[in-house]
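Take a look at the structure set out below.
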Amino acid sequence: MDMVIPFAEVLLAATVHATLQLGLGAFLLLYHASLGKHIRQKTRNVVDSYTAGVGTMVFIMLGAMAFILAGYFGKPLYAEELLIVVATLVAIAIAVWAIYYRRGRSTELWLPRAVARFIHQRAKNTSSNTEAFSLGLLTSLAEMPFTLVLVVVAANSLLALPPIQQVLAVALYTVVAILPLVVTRLLIRRGSTVVDVQRWRAKNRTFLKVMTGVGFVVLAIFVFAFEVLK
């Protein structure tokens, strides 16, 4: 039971991370732009490199946060400190409902327009695996206002696990976080188009927004119940 709760928190935080849409939005932009310039195999290599970049940055962020918490606190956070984390999760849930998507029916996100234009331009101009990998790193960093608290929750949970299981938990978080990219890649390979996926995102944007916000709240309740009140 001692190990179930930390792994459950890592899995839940990773699931909420996976519902965020910036990484997938940039992935679709890259896919669309790459299909217009490259043969199909080259396109697959480019989008796979992008996914690897996203996964690498998620892995690095979680590992670095666990290292910082272990170095500064030496153990999992106290209940008083976790209350701040819980409050931040709830605040971000409200922010997701209020500002994550811009007004209208499109899937345009909260990013400052200059940043959004930069990512869009990078996706259009990306023609090599290295550029695609760096774009994956960049989009993961750009999403940090919403993902940082998730990484803190997961990293804090890692400190309650033995070293080998810490590595497994980091790998679990990374795989779950990039799962939407992998699933989309498989859907497109099996015959769906980028337009189909984008149309589905636009049609279900309210559902996605609500579920992401609910995910933050559920994670806040979970941390409060099993970490603050224990």
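No value in this document is a laboratory result; all are computed from the given coordinates. On a predicted model such as this, the values are computed, not experimentally measured, just so you know. As a convention, Cβ positions derive from the backbone with ideal geometry for all residues, glycine included, and neighbour counts pool all protein chains shown.
Note on Ile164 and Leu179: their simple-model spin labels are 2.5 nm apart, each label 7 Å out from Cα toward Cβ.
Computed across the chain, the Kirkwood radius stands at 18.2 Å (inverse of mean 1/r, all Cα pairs). Report, in deg cm²/dmol and to the nearest 500, the calculated mean residue ellipticity at 222 nm for the chain, where each DSSP H run with n ≥ 4 adds -39500 (n - 2.57) and the sum is divided by the residue count. Value at 222 nm, helices only, nearest 500: -26000 deg cm²/dmol. Taking the alpha-carbon distance from Lys124 and a cut-off under 17 Å, which lysines remain once sequence neighbours fewer than 8 residues away in the same chain are dropped? Those lysines meeting the cut-off are Lys37, Lys42. When the Cα atoms of the stretch 156-216 are aligned to their principal axes, the ranges along those axes come out at 44, 29, 9 Å in descending order.
Work the Kirkwood hydrodynamic radius out for the stretch 1-92: mean of 1/r over every pair of different alpha-carbon atoms, inverted, in Å. Don't skip to the end; give the middle numbers.
Working: mean 1/r = 0.0619 Å⁻¹.
Hydrodynamic radius (Kirkwood, Cα pairs) of the stretch 1-92 is 16.2 Å.
Using every pair of distinct Cα positions in the stretch 41-123, the Kirkwood expression returns a hydrodynamic radius of 16.5 angstrom.
As a length-normalised measure over Cα pairs under 8 Å and 6 or more apart, the relative contact order of the chain settles at 46 percent. Of Leu29, Leu229, Tyr50, which is farthest along the charge dipole of the chain in the positive direction, counting Lys and Arg as +1 and Asp and Glu as -1 at C-beta? Final value for the positive-end residue is Leu29.
Between Arg199 and Val4, the simple label model (points 7 Å from Cα in the Cβ direction) yields a spacing of 4.5 nm.
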